[in-house]
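Here's the structure we're looking at; comments come further down.
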């Protein structure tokens, strides 16, 4: 298992998005946060902008929906060009049904959990999802401090995935930087979202490489 780096464009310059997308060309994905100012207290991008991002991005886009009524909207983002669509467990009525619809549309289907949302209800359903996103900060804003108490959730997920012989990825989003990336990878996360750590670096490409190397070293035990 190798580490995948998915920089969050929430930390990019929104007036120069195409330029900043090309700055992360060495990454595995571009993490695109869609917020509606209802599910979370922030407003970011909608369908037309995401569609254009997908058209110009040098890497596949991983759309993270922090919106209400994900059952209604998630497929539209798949059709807009996302390679992966992540919806929140707290914002969907039928997560398995939605995941199956996304997979049928040809994209990776992922479920996200806020820091206080338990993972146990999903352990027997892991085969229905391509990825589980464990939020390590409260969703809504970039630059927050990492919540250490989320790590046991990552460990329980990794143990269950291994026990079931699945290939479900674990993504961590929030406070990921050189100081924390090895810790989350050691817990079992293999997809790392980093926003301010990447875009705030003097050399963006070198920072992506450094985060990947640190995570790969920590993942060696899995």
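Each value in this text was obtained by applying a stated rule to the coordinates, not by laboratory testing. Computed from a prediction, not measured in an experiment: that's the story for all the values here. Ideal geometry is used to build each Cβ from the backbone, glycine not excepted, and the neighbour counts take in all protein chains shown.
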**Item:** Fluctuation leader among 89, 206, 112 - the chain, Gaussian network, Cα springs under 10 angstrom
**Value:** 206
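Within the chain, what percent of beta bridges assigned by DSSP are antiparallel, to the nearest 5?
Working: 1 of 33 bridges.
DSSP beta bridges in the chain are roughly 5 percent antiparallel.
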**Request:** Select from 102, 65, 17 the residue whose mean-square fluctuation is largest in a Gaussian network model of the chain (Cα-Cα springs shorter than 10 Å).
**Result:** 17
**Fill in**
Here the gain from full extension of residue 213 to residue 178, 0.36 nm per residue of separation minus their alpha-carbon distance, amounts to 11.6 nm
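What ranking do 199, 77 get, fewest neighbouring Cβ atoms within 10 angstrom at the top?
Details: 199 20, 77 29.
Fewest-to-most ranking of 199, 77: 199, 77.
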**Asked** Tell me, 153, 97, 51 in order of fewest to most beta-carbon neighbours within 10 Å?
**Response** 97, 51, 153
**Asked** Gain in length, residue 90 to residue 167, computed as 0.36 nm per residue apart minus the alpha-carbon separation, to one decimal in nm?
**Response** 25.4 nm
**Translational D in µm²/s for segment 84-204 (Stokes-Einstein at 25 °C, 0.890 mPa s, Kirkwood Rh from C-alpha pairs)** = 167 µm²/s
**Fill in**
Checking 91, 109, 201 against a Gaussian network model of the chain (alpha-carbon springs below 10 Å), the top fluctuating residue turns out to be 201
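Using C-alpha positions alone, give me the convex hull volume of segment 4-219 per residue in cubic angstrom.
Working: hull volume 22.6 nm³, N = 216.
Normalising the Cα hull of segment 4-219 by residue number yields 105 Å³.
Taking neighbour counts of Cβ atoms within 10 Å as a proxy for exposure, in what order, fewest first, do 26, 114, 72 appear? Show your work: numbers first, answer last.
Numbers: 26 16, 114 19, 72 12.
Placing the least packed residue first, the sequence is 72, 26, 114.
What value, in deg cm²/dmol to 500, does the helix sum -39500 (n - 2.57) over DSSP H runs of n ≥ 4 give at 222 nm once divided by the residues of the chain?
On the way: 8 runs with 77 residues, N = 222.
So the calculated ellipticity at 222 nm is -10000 deg cm²/dmol.
Out of the DSSP beta bridges found with both residues in segment 2-100, what percent are antiparallel (nearest 5)?
Details: 1 of 12 bridges.
Within segment 2-100, antiparallel bridges account for around 10 percent of the total.
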